[in-house]
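Before any comments, here is the structure.
The values are calculated or read from the model by the stated rules, or taken from the named source; none is laboratory data. Note that the coordinates shown come from a computational prediction; the quantities given were computed from them, not determined experimentally. Heads up, the Cβs are rebuilt from the backbone with ideal geometry, glycines too, and the neighbour counts pull from every protein chain shown.
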Amino acid sequence: MNITDQLKGEHEIILRFLGILKEACNRVQRGAFDDITFFERCITFLREYADSYHYDKEERVLFPAMEQAGIAYQQHRHIEHKYVYQLMADLDRAVTANNLSAIPAPALEYTNLLEEHIITENKALYPEVERVLDDHQKEEIQKEFDRIEGVITNEKDHNYIIAEVDQLENYLP
């Protein structure tokens, strides 16, 4: 059983989204995009998919299991996630205040950090997880992943997530 393939698949969706967010920020900086609603939708996507769906699996299930198994990456990843949450709060404040010019700085820092974070997890952390955890531990982790997924448990819901990323991409003029 390879539990990290699921997380890597989620990373692909998040990476695609981050590319769209970066492009929107670059357009804001050039004065070529000024729709605050787009960024409101981005925040919703990040909260519902990246935070509630993906990060919860890592923070609440995978990282504690890694720590218990003696995998040393846990503390670094946890600290990085906390910084990502802070950047998200900064982005949310800028959007809530309708301060378009304040959006690119936290959003671009967020995207850059998250891209590096994902690369590290995919290339270093996840292979270590697969190597160290036994089948029983992986089965228990998968059960918890399934529980956390909650609202996204079928193909229809998964297609909704992909459709939202498509719509955000098409939203840019």
Can you name every residue in segment 101-135 that is within 30 Å of PHE33 (Cα to Cα) and either among the charged types (D, E, K, R) or in contact with a Phe, Trp or Tyr (Cβ under 8 Å, 6 or more places away or on another chain) (or both)?
ILE103, ALA107, GLU109, LEU113, GLU115, GLU116
Looking at segment 152-173, which of the residues that are among the charged types (D, E, K, R) and at pLDDT 80 or above is surrounded by the most Cβ atoms within 10 Å (Cβ to Cβ)?
GLU164
Selection over segment 1-44 where residues are under 13 Å from the mean Cα position of the chain (by Cα), within 18 Å of TYR110 (Cα to Cα) and not hydroxyl-bearing (Ser, Thr, Tyr) yields a count of 13
Among the residues listed as ARG93, ARG77, the single one being modelled with pLDDT under 95 and either in contact with a Leu (Cβ under 9 Å, 6 or more places away or on another chain) or surrounded by fewer than 16 Cβ atoms within 10 Å (Cβ to Cβ) (or both)
ARG77
What is the residue count in segment 128-151 for residues that are assigned to a helix (DSSP H, G or I) and either touching a Ser or Thr at 6+ places or on another chain (Cβ under 8 Å) or at pLDDT below 85 (or both)?
6
Sole exception among (1) of a type in the set (A, V, I, L, M); (2) at pLDDT below 95; (3) within 18 Å of ARG16 (Cα to Cα) for LEU108, by number
(2)
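Quick one: which of LEU21, LEU15, LEU7 is touching a residue at least 12 places away in the same chain (Cβ under 8 Å), part of a helix (DSSP H, G or I), surrounded by fewer than 17 Cβ atoms within 10 Å (Cβ to Cβ) and of a type in the set (A, V, I, L, M)?
Working: LEU21 fails: surrounded by fewer than 17 Cβ atoms within 10 Å (Cβ to Cβ); LEU7 fails: surrounded by fewer than 17 Cβ atoms within 10 Å (Cβ to Cβ).
Exactly one of LEU21, LEU15, LEU7 is touching a residue at least 12 places away in the same chain (Cβ under 8 Å), part of a helix (DSSP H, G or I), surrounded by fewer than 17 Cβ atoms within 10 Å (Cβ to Cβ) and of a type in the set (A, V, I, L, M), namely LEU15.
A quick yes/no check of all residues on (1) assigned to a helix (DSSP H, G or I); (2) touching an Asp or Glu at 6+ places or on another chain (Cβ under 7 Å); (3) more than 19 Å from PRO106 (Cβ to Cβ):
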{"residue": "LEU46", "(1), (2), (3)": "yes, no, no"}
{"residue": "ASP51", "(1), (2), (3)": "yes, no, no"}
{"residue": "LEU62", "(1), (2), (3)": "yes, no, yes"}
{"residue": "ALA72", "(1), (2), (3)": "no, no, yes"}
